[in-house]
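*Asks:* The following block contains the structure, expressed as structure tokens.
None of the figures in this text is laboratory data; all of them are computed from the coordinates on show. Predicted, not measured: the structure shown is a model, and the values here were computed from it. For neighbour counting, all protein chains shown are included, and Cβ atoms are generated from backbone atoms with ideal geometry for every residue, glycine included.
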Amino acid sequence: MSVHEIVLDVMLALALGVLAALVVRARGSRRAAERNVEAERALREQLSAQADALDRLLAATTGLADELDEGRLLERIAEEALALVSADCGLVLERTGNRCTVVTSAPLGQAWRPSALDAVSATDLAAELTAAYGGSVEVTPLPVPSLQAGALAVLRSPDHPFSAVERAQLRVFAAAAVRTAHNARLFTLAETLRVEAELRERERGRLSDQLLRVEEGERRRLALALHDGPQQSIAGIGLIVQAAHDTIQAGEVEEGLGSLQRALAHCKGVVGSLRTLTFALEPITLRDHGFTAAFCELAGQLSESHKVKIEVDASAIDALDRQAQVSLYRIAQEATTNAVKHAGGSRVDVTARTLEKGGIELMIADDGRGASEDELMRGGMHRGVDAMRERAWGVGGTMTFEETNGGGCTVRVIVPPRPAVEGPVPISQQLRAA
Ligand SMILES: Nc1ncnc2c1ncn2[C@@H]1O[C@H](COP(=O)(O)OP(=O)(O)OP(=O)(O)O)[C@@H](O)[C@H]1O
Ligand SMILES: [Mg+2]
């Protein structure tokens, strides 16, 4: 073989080698391209499945968001969880001690419901449910405020076990459900507070009207008392003095002096009745010496006339402003009068103390027969209880009736801390201003 032929063979062999390498390379890149297409398709499917899962999760959580009734919300949680993972059954359970019971189920009324299960943990519960149901079970904690150790369970046939994605969906859904339940609780609380505030406002309006009526009535009674009593008596005295004057002028001095004596006696009577009226309006001792002195005076009179022992320990009230002292005096007066009039006991204790957070607590406790709700709500001509409540309200306080330890009735009045007043305002001035 010539050199020329050898060179040709080598070149041919080289060309064949290069060609083979090119063919192998071309095959490799086609396979890689095919693999890329496959990976891209798998990725697309995965993304679409994730988007689908997110869509379902979003639908399930927004399905709960507008439910603010706590009872109905639990039903919705079971329904939405069922729809979220296409389960056969959704259960909301509560664990008390080591017993688990179904609170609600979906589909409502048709779902499989086990009787109470023994379970101290979520794992126990899942095992118990699996054994009882005989299918796939997923249990997620559901710490909503209305349940004790709440749990959400979804059940499906054994040939459809729950995937990792579905389990994650259920966990996120349960967390959203718990947040909604807290919102519902806050809403219920706000609603209760709103209704309470409305009722209080209505009660305030009613008491305010009543207070105006009582004041109006008191003014009218006062006008009548002045008209029928002192005014008539003074007019009568005037006539007697006129007659005495005429008689003396006519020279009948003895007879005239007799008339003047009669006028003097009438005068004493009028002064007496005016004193009683003044005391009823403003006990002088209360104005000059404060609550304790005035109330001890009154207690002494009541104790003597009704043969009941009355103990007073209420000096804490003496430090209050005049208006509060007058109101508490009137309340204690009515409660003590009620006790001696209606209770049939042998003892009344009137005590007051300063509360730790400020304000005063006044208690009038008797050891009598006690009073029923109906009696205390009697109303009509019986105005004492209402008047006490109005007076307590008038100084920003409250009044309640309670049973005394061992029987009897206790009137408890709480007056909140009072704003400081600039110097004492005489009670007479307050009454004139009213
Ligand atoms: N301490 C008490 N023990 C037993 N019953 C009481 C006591 N306080 C009140 N009651 C009952 O409650 C009812 C209502 O009391 P309230 O003070 O409103 O009316 P009253 O005393 O009958 O009349 P008023 O006070 O208008 O002169 C009384 O009639 C009585 O039956
Ligand atoms: Mg009374």
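*Asks:* Once you put a point 7 Å from the Cα of residue 6 and another 7 Å from the Cα of residue 306, both along the Cβ direction, what distance in nm separates them?
*Replies:* According to this spin-label approximation, the distance is 14.7 nm.
*Asks:* Helix 70-84: angle to the longest alpha-carbon principal axis of the chain, degrees 0 to 90, nearest 10?
*Replies:* 10
*Asks:* Label residue 246 and residue 50 with points 7 Å out from Cα along Cα→Cβ: what is the distance between them in nm?
*Replies:* Taking the two extended label points, one gets 11.9 nm.
*Asks:* Roughly speaking, what is the stretch gain from residue 361 to residue 193, that is 0.36 nm per residue apart minus the C-alpha to C-alpha distance, in nm to one decimal?
*Replies:* Extra length available between residue 361 and residue 193 comes to 57.9 nm.
*Asks:* Then there's this: At a 10 angstrom cut-off on C-beta neighbours, averaged per residue, how do the peptides 387-397, 352-362 rank from highest to lowest?
*Replies:* Numbers: 387-397: 19.8, 352-362: 15.1.
So the order, starting with the most tightly packed, is 387-397, 352-362.
*Asks:* Then there is this: With an 8 Å Cα cut-off and a minimum separation of 6 or more residues, compute the relative contact order for segment 282-433 in percent.
*Replies:* Reported relative contact order: 23 percent.
*Asks:* Further, regarding this structure: In vacuum, with every alpha carbon of the chain counted as one equal point scatterer, what does the Debye formula give for log10 I(q)/I(0) at q = 0.08, 0.09, 0.12 Å⁻¹? Two decimals, please.
*Replies:* Reported log10 I(q)/I(0), two decimals: -0.78, -0.84, -1.01.
*Asks:* Still on this structure, please answer the following. Subtract the Cα-Cα distance of residue 167 and residue 123 from 0.36 nm times their separation in residues, and report this length gain in nm to one decimal.
*Replies:* Answer, rounded to one decimal: 14.4 nm.
*Asks:* Between residue 182 and residue 414, what is the label-point separation in nm under the 7 Å Cα-to-beta-carbon projection?
*Replies:* Distance between the two pseudo-spin positions: 3.0 nm.
*Asks:* Rank 242, 333, 323 by mean-square fluctuation in a GNM of the chain with C-alpha springs under 10 angstrom and give only the top-ranked residue.
*Replies:* 242
*Asks:* Let me ask something else about it. Working from Cα positions, state the angle (0 to 90°, nearest 10) between the long axis of helix 3-65 and the longest principal axis of the chain.
*Replies:* The angle comes out near 20 degrees.
*Asks:* Can you return the lysines within cross-link range of residue 341? Criterion is Cα-Cα under 30 Å, with same-chain partners fewer than 8 residues away left out.
*Replies:* List returned: 307, 309.
*Asks:* So, one more: Treating the angle as unsigned and between 0 and 90°, give the value, to the nearest 10°, between the Cα long axis of helix 322-338 and the longest Cα principal axis of the chain.
*Replies:* On a 0 to 90 degree scale, this one is about 80.
*Asks:* Continuing with this model, one more query. Of the candidates 385, 120, 415, which one comes out as most mobile in a Gaussian network treatment of the chain with C-alpha springs shorter than 10 Å?
*Replies:* Comparing 385, 120, 415 in the GNM, the peak value goes to 120.
*Asks:* Treat the count of other C-beta atoms within 10 Å as a stand-in for reagent exposure and order 89, 296 from fewest to most.
*Replies:* With the sparsest Cβ surroundings first, the list reads 296, 89.
*Asks:* How large is the helix-only mean residue ellipticity at 222 nm for the chain, computed as the sum of -39500 (n - 2.57) over DSSP H runs with n ≥ 4, divided by its residue count, in deg cm²/dmol to the nearest 500?
*Replies:* -21000 deg cm²/dmol
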